[in-house]
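Working notes for the structure below.
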Amino acid sequence: MSSKAKYMDTALAIAEVTLGQTSPNPSVGAVVVKDGKVLGIGSHLQAGTEHAEVHALKQAGDLAEGADIYVTLEPCSHHGKTPPCADLIIERKLARVFVACLDPNPEIAGRGVDKLRQAGITVEVGLREERARELNRKFFKHIRHKRPYVTLKAAATLDGKTATASGDSRWITSSEAREDVHKQRDLHDAILVGIGTVLQDDPLLTARLPQGSKNPIRIVLDTHLRIPEDSKLLNSQEAMTWVICGSSANTGQAKCNKSHVKVWQLDTPEIQLEAVLDLLGEQNVQSVYVEGGSGVHGSFVEKSLFDECHWYIAPRLLGGIDAVTSVGGISPRLMKEGKRLTFTSFTQIGTDIKIIAVPDKG
Ligand SMILES: Nc1c(/N=C/[C@H](O)[C@H](O)[C@H](O)COP(=O)(O)O)[nH]c(=O)[nH]c1=O
Ligand SMILES: Nc1c(N[C@@H]2O[C@H](COP(=O)(O)O)[C@@H](O)[C@H]2O)[nH]c(=O)[nH]c1=O
Ligand SMILES: [Zn+2]
């Protein structure tokens, strides 16, 4: 492997480790190198704080002059909450800049690279581009479409059931698989469930990892504001709870009058997912982890409003046409109308299988 690839892989690794904590910004890594010696490394750690390039150049100090910098995203050229990295790179007289991928943020979108080239700096774009895009797919989705990246998550028996006819679902998958779910909760800005799941399971919807984790915003689609007053979501203050209701719901109920609870009333009687995603996008929710239930999954699938599926399959056959299926809604008439996917990963977790799939384009 070329040393260039080695340095970019290092930049990607120190970006990857910050995934989930930089939202609504991307996760970015930078490595400064001169004559085969690493002079500085840096990651963007939190939105509103220094960018990766700033950290790496601070470490490099005066030695940065004439050095190369490897960065996983095009250096910014705009004055956001921090000064432009492109200007800093020019000021510190770097010789070459290796950029894994351009930044689709309309504020930048190639202007960072242009600025560097106009200042006479050699810029190469595309080293490890695929991996860099994959790394920041949530940021790319949100900054381009002003809607969050949507991950559907289901835990089902081998015959695709997520609960018995009586509604029991504890537990389908193993504790190892459920811990993996908490890792995904930690990585996403928000978790979304339907009111059915709240009524059935009274979930807490926090991320509980042994090594520590952040709690996403907990979102409930609840057209008529039926969320129970004694529900964990309305009474546990360790995370925000957003209740999204239709235009005819009575929002004056005292049960939602809590500091950690926000009620968002849509202007339609029924909840339209497009409006929900627009609202979340406006609120800078960059990614949402949809944990069901079956009806909510049915709507996301029917409207093709998801970007990734995480399916946990347990080695158990439940049977029963009256058991709860993992994706509800209305069946298409023809099999060919089903949503085509591409499987992107298979892993065994404990006794379960985890499949990740992405929708085929077009
Ligand atoms: N029943 C199963 C799941 N059930 C998922 C339901 O959303 C359930 O209400 C929440 O996971 C409960 O959340 P909390 O622990 O209270 O934060 N999910 C799984 O991954 N495996 C299963 O077996
Ligand atoms: N995190 C990051 C970049 N993020 C870019 O800058 C925007 C945020 O700017 P600000 O509000 O100033 O933090 C963000 O939307 C994205 O386009 N750019 C970089 O050169 N390096 C970094 O490490
Ligand atoms: Zn920057």
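The values are calculated or read from the model by the stated rules, or taken from the named source; none is laboratory data. These numbers come from a predicted model, not from an experiment. Counting neighbours? That spans all protein chains shown, and the Cβs are built from the backbone with ideal geometry, glycine included.
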Which of the residues spanning the range 33-50 are more than 13 Å from ligand 2 (Cβ to nearest atom), surrounded by fewer than 21 Cβ atoms within 10 Å (Cβ to Cβ) and in contact (Cβ under 8 Å) with a residue 24 or more places away in the chain? K34, G36, V38, L39
Going through the range 83-96 in order, the residues found to be buried (at least 24 other Cβ atoms within 10 Å of the Cβ) and either within 11 Å of ligand 2 (Cβ to nearest atom) or within 16 Å of A109 (Cα to Cα) (or both) are C85, A86, I89
Inter-residue pairs, beta-carbon under 7 Å, first outside any loop (DSSP other than H, G, I, E, B) and surrounded by fewer than 12 Cβ atoms within 10 Å (Cβ to Cβ) and in the range 328-343, second at pLDDT 95 or above and among the charged types (D, E, K, R), 6+ apart: T342/D360
For the range 332-346, check the following and say yes or no: at least one residue is within 16 Å of ligand 1 (Cβ to nearest atom) and farther than 28 Å from S23 by Cα. no
With V54, V71, V33, V17 as the choices, which residue is within 27 Å of N284 (Cα to Cα) and either in contact with a Phe, Trp or Tyr (Cβ under 8 Å, 6 or more places away or on another chain) or of a type in the set (D, E, K, R) (or both)? V71
Going through the range 55-82 in order, the residues found to be more than 20 Å from D9 (Cβ to Cβ) and within 8 Å of ligand 2 (Cβ to nearest atom) are C76, H78, H79, G80, K81, T82
Please verify whether the range 184-203 includes one or more residues that are assigned to a loop (DSSP other than H, G, I, E, B), over 23 Å from L305 (Cβ atoms) and either among the charged types (D, E, K, R) or within 16 Å of ligand 1 (Cβ to nearest atom) (or both). yes
Just the residues that are assigned to a helix (DSSP H, G or I) and more than 13 Å from ligand 3 (Cβ to nearest atom), please, taken from the range 59-90. Q59, A60, G61, D62, L63, A64
All-but-one check, E176 against (1) part of a helix (DSSP H, G or I); (2) surrounded by fewer than 22 Cβ atoms within 10 Å (Cβ to Cβ); (3) within 7 Å of ligand 1 (Cβ to nearest atom), failing number (3)
L19 - would you say it is surrounded by fewer than 18 Cβ atoms within 10 Å (Cβ to Cβ) and either away from ligand 1 (no atom under 16 Å from the Cβ) or in a strand (DSSP E or B) (or both)? yes
Filter result (away from ligand 3 (no atom under 13 Å from the Cβ) and either assigned to a strand (DSSP E or B) or over 28 Å from the mean Cα position of the chain (by Cα) (or both)) within the range 27-57: V31, V32, V33, K34, D35, G36, K37, V38, L39, G40, I41
Every residue from the range 179-224 that is among the acidic types (D, E) and within 17 Å of the chain's Cα centre (by Cα): D180, D186, D189
Specify which of the listed residues (L221, L225, L273, L277) is surrounded by fewer than 20 Cβ atoms within 10 Å (Cβ to Cβ) and among the aliphatic types (A, V, I, L, M). L273
The range 179-207: number of residues that are of a type in the set (K, R) and either surrounded by fewer than 20 Cβ atoms within 10 Å (Cβ to Cβ) or within 16 Å of ligand 2 (Cβ to nearest atom) (or both): 1
